[in-house]
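Here the structure comes first, spelled out in structure tokens, and everything after it is commentary.
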Amino acid sequence: MTLKDLKSGQTAIIHAVGGHGALRQHFLDMGIIPGAKVQFVKTAPMGDPIEFRLNGYELTLRSADAHKIQITLQQSTACTECGPDEEKPLRQQVSHPGLGEDGIHHNRKDEHPLPAGTRISFALVGNQDSGKTTLFNQIKGSDLYSVVDLPGSYSLSPFSNDEVITRDFILKQKPNGIINIVDASNIGRNLYLTLQLLELGIPMVVALNMMDEVSANGGTILVNEMEGILGVPVIPISAARGKGIGELVEHAVHVAQYGETPQRNDFCGSDAHGGAVHRCIHAIMHLVEDHAHRADIPCRFAATKLVEGDSAILQALELDANEKEMLEHLVSQLESERGLDRNAAIAEMRFDFISRLCAATVIRPVESRQQKRSRRIDRVLTGRFTALPSMVLIVASVFYLTFGPVGSTLENLLKNFIGWLWSETDALLTAYGLNPVVQSLVTDGIFNGVGTVLCFLPYIIILFFCLSIIEDSGYMARIAFVMDSPLRKIGLSGGSIVPMLSGFGCTVPAVMATRTLPSVRDRKMTILLIPFMSCSSKLPVYTLLAAAFLAGSGAYLIPGLYLFGILCGVLVAFLFRKTIFKGEPVPFVMELPPYRMPSLKNVMRLLWEKARDFVTNAFTVIFVASIVIWFLQTFDFRFNVVSDPEGSMLAVISGLVAPLFTPLGFGNWQVSTALITGFMAKESVVSTLSVLLGQGPSALASFLPPAALLSLLVFILLYTPCVASISVVKRELGFKWAAGMVILQCAVAYLAAFAVYSIAVLLL
């Protein structure tokens, strides 16, 4: 019987884990190990993937992957929180000393503190959805220390690109200390990474986050006992509420300053299961000790990874043939004695230790309020018949809030203020008697360009506010769960939906978010499809053109543009799957976090950062672009002020490009100029058209017929993303992929705009 055969509510014991390579290792790292109890929760609305409960958290797997895991059905439907059963918990060891305290663990006379004035470097490490970013915003750094917020990781056996980045940074950059954030409400899952970090022998503190949730649910964690067992300071905190942060930083600085390494990095009992794992690891440590020292890799960490068959560590140690043969002999003996393969034996050893640690230190209710609440909400949001309608309703609500009465009202208020400021400035400059050319620069160049773009700031803020709420609440992961099956049909996995949805906000962070995808194939394909998810920088353009096309149509036409962009992306994805991205998407293995109330502080901080970036962009790229456009429009090549814009430098330069767009209905130099400046920043299209044609939709409506306006909307929707987006793609994938993306987007935009214009001419 396999995991795929379980029915709703049934519980089973895992007795064999199939598969191979990094995927199987990832299964093991996620707690899918022989002896673990697993409970079936539900199937996604479209039949795949499947949700299970394991180690106190919800995990999703596709049916094909669940079929690789053999189980034995249990009569009881109860599901334990932590790994395999163990006959006895760990005994409490001696307590870890307090801050600055001499004693049994540390002798100040033998320690070698960092030189005075040294700026301490910390790596902030933790699982995804553990509150890591929230904590980072609380402790970004000071003159005394700096903090690097590493990508969320489940294990130091990398499965995704993000986990590769995390492990490489710790092993190669050698931070002075590690701040390991642990979700206290899901401690059994989070401590797996903690045990691997302890093996590195780097000064470290454990931040038990979300302790307020644990307490509210009637549970607690015996912090002193946990400190004694782990051998590092354990600090209870609430990152969202800012509680315990000062104590955490104080302890982290202290252990890093004095080089206080973890007092425990061995988790294999000498008598556990006959001591097979213990003997194997320690024998390998003796075998590779000198190699690990030369490679500057912690010996215990290296030995454990060699047992797991980590090829990168094996290559770094440069063992000779005899040593490799001895290594394989030791591993074979372990597998024979333990009755498990090498990877499962190590994973079982860690989860066995975590199980006993939880038994000794964690007191919690059978089911937390968050879990009960999540189960009730998921009956609707991930239900078989209600999931898709709920998702459509939520997305439609986001668009309605953004482009409907709320967004348009705020835009009008800001537009009226900027209009008043423009008229007052113009009157003041006229009264001052300023040179007309300079006055034109200020009013027609800067105010028309920058001011017009700033009017659309409310749309940007509302859209990012909604996306932040969706992500912080935990619903974004549910969207991935629901959408995995349809995405698989176009060659992607459900994990791709998160960066693609982020693309509606901004292409740059969306491209960077693909680092969480474990497959290079899926990552490249997702990056190339992200530009079809229309970014928020295009909102000002859509709003202006939609109003010019048909007044009051923005609430309907703009969502239609978004849907059209998605449709084009789907068609391109089908083409990709048949050509350059043949093959199946990677397995869908994802943890579903409980629903949580979004942190208003985090949301407001994100909104401030996005608004600041938008305004900064308006006063840098767009400011410069507006001045350049005004200058080229005002003067000819002899630097004489022109009376007719047709004789300007801008008209001549753009006129060379304009014939390319004649089949699309907008083959004039003004629109060509706007499209060229849009390459720098999409908002520049609005500022350029405002400078060249005058403010307001009416100026544009009198310049282009409706069919040409609709064609221009489609072209701007699909053509090349901004230079910042291209730059980040080049950094992530290389020049060839970035250039290919630009060519692809322009080609698709041209063909789609031509088709739309041809149809619109017949209908309008």
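Scanning segment 135-146 for residues that are more than 18 Å from LEU208 (Cα to Cα) and not in a loop (DSSP other than H, G, I, E, B) returns GLY141, TYR145, SER146. Summed over segment 579-611, the residues that are under 17 Å from ARG241 (Cα atoms) and hydrophobic (A, V, I, L, M, F, W, C) give a count of 5.
May I ask you to list the residues in segment 636-650 that are hydrophobic (A, V, I, L, M, F, W, C), open to solvent by 30 Å² or more (accessible area, probe 1.4 Å) and free of Cβ contacts under 8 Å to residues at least 24 places away in the same chain? Passing the criteria: PHE637, PHE639, VAL642.
When segment 398-417 is filtered for residues that are among the hydroxyl-bearing types (Ser, Thr, Tyr) and either open to solvent by 70 Å² or more (accessible area, probe 1.4 Å) or free of Cβ contacts under 8 Å to residues at least 12 places away in the same chain (or both), the ones remaining, listed by number, are TYR400, THR409.
Say whether the condition of being modelled with pLDDT of 90 or more and within 16 Å of LEU124 (Cβ to Cβ) is met by at least one residue in segment 221-232. Yes: one or more hits. If a residue has to be over 29 Å from TRP422 (Cβ atoms) and either part of a helix (DSSP H, G or I) or among the β-branched types (Val, Ile, Thr) (or both) to count, how many in segment 707-725 make the cut? Residues in segment 707-725 being over 29 Å from TRP422 (Cβ atoms) and either part of a helix (DSSP H, G or I) or among the β-branched types (Val, Ile, Thr) (or both): 9 in total.
The residues of segment 98-145 that are among the charged types (D, E, K, R), surrounded by fewer than 19 Cβ atoms within 10 Å (Cβ to Cβ) and either closer than 23 Å to LEU200 by Cα or at pLDDT below 65 (or both), listed by number, are GLU101, ASP102, ARG108, LYS109, ASP110, GLU111, ARG119. Apart from one condition, TYR258 fits all of (1) closer than 30 Å to ARG119 by Cβ; (2) surrounded by 23 or more Cβ atoms within 10 Å (Cβ to Cβ); (3) of a type in the set (Phe, Trp, Tyr); the exception is (2). Kindly establish whether GLU335 is within 21 Å of LEU23 (Cα to Cα) and over 37 Å from the mean Cα position of the chain (by Cα). Yes. The selection criterion, being under 19 Å from PRO540 (Cα atoms), modelled with pLDDT of 85 or more, in a helix (DSSP H, G or I) and of a type in the set (A, V, I, L, M), holds for LEU414. Is segment 419-432 home to any residue that is charged (D, E, K, R), modelled with pLDDT under 85 and in a helix (DSSP H, G or I)? No: zero hits.
In segment 369-383, the condition of being among the aliphatic types (A, V, I, L, M), closer than 24 Å to ARG478 by Cβ and open to solvent by less than 50 Å² (accessible area, probe 1.4 Å) is met by at least one residue. Within segment 197-225, the set of residues being under 27 Å from PHE169 (Cα atoms) and open to solvent by less than 20 Å² (accessible area, probe 1.4 Å) comprises LEU197, LEU198, GLU199, LEU200, PRO203, MET204, VAL205, VAL206, ALA207, LEU208, ASN209. Of the residues making up segment 726-760, those that are in contact with a Ser or Thr (Cβ under 7 Å, 6 or more places away or on another chain), open to solvent by 30 Å² or more (accessible area, probe 1.4 Å) and of a type outside the set (A, V, I, L, M) are CYS746, TYR757. Among the residues of segment 160-167, are any in contact with a helix residue (DSSP H, G or I) (Cβ under 8 Å, 6 or more places away or on another chain), outside any strand (DSSP E or B) and among the acidic types (Asp, Glu)? Yes, segment 160-167 contains at least one residue that is in contact with a helix residue (DSSP H, G or I) (Cβ under 8 Å, 6 or more places away or on another chain), outside any strand (DSSP E or B) and among the acidic types (Asp, Glu).
Scanning segment 387-396 for residues that are surrounded by fewer than 16 Cβ atoms within 10 Å (Cβ to Cβ) and free of Cβ contacts under 8 Å to residues at least 24 places away in the same chain yields PRO389, VAL392, LEU393. Inside segment 319-377, residues that are polar (S, T, N, Q) and either within 22 Å of SER155 (Cα to Cα) or at pLDDT below 90 (or both) make up a count of 6. Among the residues making up segment 14-50, those that are basic (Lys, Arg) and either in a helix (DSSP H, G or I) or surrounded by fewer than 22 Cβ atoms within 10 Å (Cβ to Cβ) (or both) are ARG24, LYS42. The single condition among (1) under 25 Å from LEU600 (Cβ atoms); (2) open to solvent by less than 10 Å² (accessible area, probe 1.4 Å) that VAL498 does not satisfy is (2). Is one or more of the residues making up segment 467-489 within 16 Å of the chain's Cα centre (by Cα), modelled with pLDDT under 85 and among the charged types (D, E, K, R)? Scanning segment 467-489, I find at least one residue that is within 16 Å of the chain's Cα centre (by Cα), modelled with pLDDT under 85 and among the charged types (D, E, K, R), so the answer is yes.
Scanning segment 491-521 for residues that are more than 15 Å from the chain's Cα centre (by Cα), closer than 23 Å to GLU51 by Cβ and part of a helix (DSSP H, G or I) yields a total of 0.
Take the residues in segment 168-193 that are among the aliphatic types (A, V, I, L, M) and assigned to a helix (DSSP H, G or I); name whichever of them is most open to solvent (accessible area, probe 1.4 Å). Out of the qualifying residues, it is LEU171. Filtering segment 201-249 to residues that are assigned to a loop (DSSP other than H, G, I, E, B), in contact (Cβ under 8 Å) with a residue 40 or more places away in the chain and in contact with a strand residue (DSSP E or B) (Cβ under 7 Å, 6 or more places away or on another chain) leaves ILE202, PRO203, MET210, GLY219, VAL232, PRO233, ILE237, ALA239. Considering (1) over 25 Å from VAL685 (Cβ atoms); (2) free of Cβ contacts under 8 Å to residues at least 12 places away in the same chain, the lone condition that THR616 does not fulfil carries the number (1). State yes or no: is HIS273 farther than 23 Å from GLY21 by Cα and either open to solvent by 30 Å² or more (accessible area, probe 1.4 Å) or modelled with pLDDT of 95 or more (or both)? Judged against the criteria, HIS273 is a match.
Within segment 651-700, being at pLDDT below 85, open to solvent by 10 Å² or more (accessible area, probe 1.4 Å), of a type outside the set (A, V, I, L, M, F, W, C) and not in a loop (DSSP other than H, G, I, E, B) holds for THR677, PRO697, SER698. Could you tell me whether SER626 is among the small types (Gly, Ala, Ser) and open to solvent by 30 Å² or more (accessible area, probe 1.4 Å)? Against the criterion (among the small types (Gly, Ala, Ser) and open to solvent by 30 Å² or more (accessible area, probe 1.4 Å)), SER626 does not qualify.
GLY445 meets each of the listed conditions (1) touching a residue at least 12 places away in the same chain (Cβ under 8 Å); (2) under 24 Å from LEU501 (Cβ atoms); (3) of a type in the set (Gly, Ala, Ser) apart from (2).
The values are calculated or read from the model by the stated rules, or taken from the named source; none is laboratory data. Quick caveat: nothing in here was measured; it's all calculated off a predicted structure. For neighbour counting, all protein chains shown are included, and Cβ atoms are generated from backbone atoms with ideal geometry for every residue, glycine included. What goes into the accessible areas is simple: the full protein's heavy atoms, side chains included, and nothing from ligands, DNA or RNA. Shrake-Rupley method; radii C 1.70, N 1.55, O 1.52, S 1.80 Å.
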